[in-house]
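A short worksheet on the structure shown next.
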């Protein structure tokens, strides 16, 4: 099965919490705080795997979560760093934002890419010791790791793309000039997925991709070819293969025009790439009138024309030499520049109050981290908590909701009686 586009969910690890601890050793007076910091959460990292050419590994697994960082420990011991989650993808995979479709990163460079960064570890209480606060009984919790949905789109790294109607001999040509062994049979849509092969001419190599046959109306969802045209998006040169014998369709030139029309509908930029017209099946006989019309079309559009018999290797060597020479004149394979820019969002400090069965529930994402950072058994930490609630408008929101002294307040599992 060939899979070339999939959307997955990734989440980096959360940072570990800081530790509240005090040095307690014999003969050591006033040891002071020694709580260590939490460890950093693991990143989600994409790497290229040269042995893969499909996204099949993502068919049944769509959720990837990296390890959390370890909590800090006494004696200023730092928490363990969360292990990075490595996700291998084929070279040429493009990472996109699912909503906008913009390119996040192109894995063609072969370098690792961090798609989601792990959360930072929280500080231990050793950081909060001051001349006036010598016994801090609180620490910071770790921050959450980044999470997102991301679309993986495979765009093969091929120098040359073979396009044309079904059953014109594209797979046969690929098997003749490379070590690839695609399925070959005398019926339409024998090839159900793109195939790659490496061609070597006089010591120089290039990659050729065989794209399943296009048909007229592919841009409207007919046939197979339009689904796979993304794999020749990077191609520097297009080999447009057609049946010069007209054994299945009456007019080879009309076939060429129809395929080019489908390329234009898919991508005008792709349709403008250099083309070499390849008339296959000359061993089955052909009309000189067809050849002259196609030759005239090729001259008018700046294309070279070659006539071959792919199954007999007739004319194939000259064609590959011309392709190799042409590639030396063309720019390198396209690399997709990053388009998606993640704008840091300011933390939402809004709060809302819901009254359920007489309990005033305070809602606000930022309050989760605040509650995690507070040691409610420590007087200084509790004072800080009360000061934040008043400064950030939580007390005002409760009063606006009609709270009275003695009523119960609940903030993400922390409950207390309201006092003026």
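Since every read-out is calculated from the coordinates, none of them should be taken as a lab result. The shown structure was predicted, so the numbers you read here are calculated from the model rather than taken from an experiment.
Structure notes:
- Candidates 142, 101, 119, ranked by Gaussian network fluctuation over the chain, Cα under 10 Å, top entry: 101
- On Cα atoms only, tilt of 252-266 relative to the major axis of the chain in degrees: 10
- Taking every Cα-Cα distance in the range 352-417 and sorting them into 10 Å bins starting at zero, the pair-distance distribution P(r) comes out as 20, 59, 21, 0 percent.
- Share antiparallel - DSSP beta bridges, the chain, percent rounded to 5: 55
- Shown here: semi-axes √(5λ) of the Cα gyration tensor in Å, derived from the displayed model; of the candidates (i) 67, 24, 15; (ii) 32, 28, 20; (iii) 34, 24, 22, it corresponds to (i).
- Cα long-axis angle, helix 379-391 against the chain (0 to 90 degrees, to the nearest 10): 60
- Subtracting the Cα-Cα distance of residue 410 and residue 57 from 0.36 nm times their residue separation leaves 122.6 nm of extension gain.
- Percentage, to the nearest whole number, of Cα pairs in the range 43-183 over 28 Å apart: 46
- Cα long-axis angle, helix 288-300 against the chain (0 to 90 degrees, to the nearest 10): 50
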